[in-house]
Amino acid sequence: MTYPRRMIRLLPVFLIFSLLSLGTATAASLVPPGNRNAEQPKIPSGSVKRSKRIGFERKYEKIRDLLARDRKLVSKIKNAAKTFAIDPIHIVGALVGEHTYNVDAKDRLQSYYVKALAYLGQDLSFEHDGEPVEQFIARSQFRTCRQHRLNYDRWTCREHIWDTQFRGKTVDGQPFPNDRFGRVFFQPLYAGQTFGLGQLNPLTALKVNDLVRSKLRREPQLSVRRAPQIYNTIMEPDSTLIYMAAVLRHAIDSYREITGFDISENPGITATLYNLGNVTVRAQSLKERNDKRLAQGQEVQWPQENYYGWLVNEKLEELRSIL
């Protein structure tokens, strides 16, 4: 197994020797800090267009500066991270990635609180073509998803059923859009899918709601029947940070359990997964690829950062100084 020189310079001597001697992925094989790619992977055209006016570097500076000067925000990040026993740098990395490549950071944290309150009074619902999502997922095709105990697995199952049996198809005489489940049912406002400081989407909040409530019983039980409450949850900074921490904790646990990789010390990887979503599906896909590679006598493929996570690892020293 080979490692980029830049990564190896980041590792203590004892870890270098242990990693260089590792030929296959074993339980909880540590993914060390640093980027696997020597150069930043290609940035999607949509992100380039959104950032054309201000530029990525300036957007990065805006979110970095907000974090650096707002000690109250940093304290909230640390508390959220502590709740889920993760390094706060994972939350910082996700915030930096979102506000560098997807949206512009507000100048003040208070702006996010004000925006969150605006959603509570709106008449919002999750539906498509007049059919509420709770009615849609009651269809017989989704029966198999009821066996899943955890919200994340249940909603992931529903996404899979949507992709394989409804997306772009005509079912019982009704045509369905060739688009993602979240886009079709969970964006009643406008084209944007993610909101607030953490740029969470409603479906992600639903997926980790039980994980959040297992740690903080004061957090409300979210329901697709109460769309304004979900929007307020993902918009309000305090709850947003809690949900971000839960999403990141779930990503770390999923990769450990499914792939045998420990990504807890590589915020570029966790940021990548925060950006891409569908963590359990991606973890299972990586496991299957590696099972096939091992059967063929090849080295395993380690988790890799995308353009978003690459920036986080590249700026890691500067971002850690904020904490």
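No value in this document is a laboratory result; all are computed from the given coordinates. The shown structure was predicted, so the numbers you read here are calculated from the model rather than taken from an experiment. Ideal geometry is used to build each Cβ from the backbone, glycine not excepted, and the neighbour counts take in all protein chains shown.
Bridging of K76 to lysines at a Cα separation below 27 Å is possible for K59, K62, K106, K115, K207, K215, K315, once same-chain residues fewer than 8 apart are set aside. Here the gap between E265 and R58, fully extended at 0.36 nm per residue and compared with their Cα-Cα distance, gives a gain of 71.8 nm.
Taking the average, over residues, of other Cβ atoms within 10 Å as the packing measure, peptides 138-148, 238-248, 273-283 rank 238-248, 273-283, 138-148 from highest down.
If you plug the beta carbon distance of D163 and L30 into 1/(1 + (r/R0)^6) with R0 = 41 Å, you get a FRET efficiency near 0.80. A convex hull fitted around the alpha carbon atoms of segment 198-323 yields 117 Å³ per residue. A cut-off under 14 angstrom between Cβ atoms defines the neighbours of Q147, and their net charge, with Lys, Arg +1 and Asp, Glu -1, is +4. Here the simple spin-label model places points 7 Å from the Cα toward Cβ, and for N178 and S75 these points are separated by 5.3 nm. Packing around the peptides 202-209, 293-300, taken as the average count of other Cβ atoms within 10 Å per residue, puts them in this order, highest first: 202-209, 293-300.
Full extension of the chain segment joining E314 with D123 gains 64.5 nm, where the gain is 0.36 nm per residue of separation less the Cα-Cα distance. The calculated FRET efficiency for the pair K49 and V281, based on their C-beta separation and a Förster distance of 25 Å, comes to about 0.35. The 3J(HN,Hα) values that the Karplus relation (6.51, -1.76, 1.60; θ = phi - 60°) gives for segment 217-232 are, in residue order, 5, 5, 6, x, 6, 7, 9, 5, 7, 10, 4, x, 5, 5, 5, 4 Hz. Gly and Pro appear as x.
The aspartates and glutamates whose alpha-carbon is closer than 15 Å to the alpha-carbon of K72, local same-chain residues fewer than 8 away aside, are D107, E236, D238. Residue-wise HN-Hα couplings along segment 295-309, as the Karplus relation 6.51 cos²θ - 1.76 cosθ + 1.60 with θ = phi - 60° gives them from phi, are 5, 9, x, 9, 6, 6, 9, 8, x, 10, 7, 8, 4, 5, x Hz; Gly and Pro carry x.
Once the Cα-Cα distance is subtracted from the 0.36 nm per residue extended length, the S223 to D291 segment shows a gain of 20.7 nm.
Pairwise Cα distances in segment 127-185 exceed 20 Å for 17 percent of all pairs. Close amide H contacts of N37 (hydrogens built in the peptide plane, cut-off under 5 Å, sequence separation of 5 or more or a different chain): E305.
Once each part is reduced to its C-alpha centroid, what is the distance from segment 37-105 to segment 291-307 in angstrom? Here the two parts' Cα centres lie 28 Å apart.
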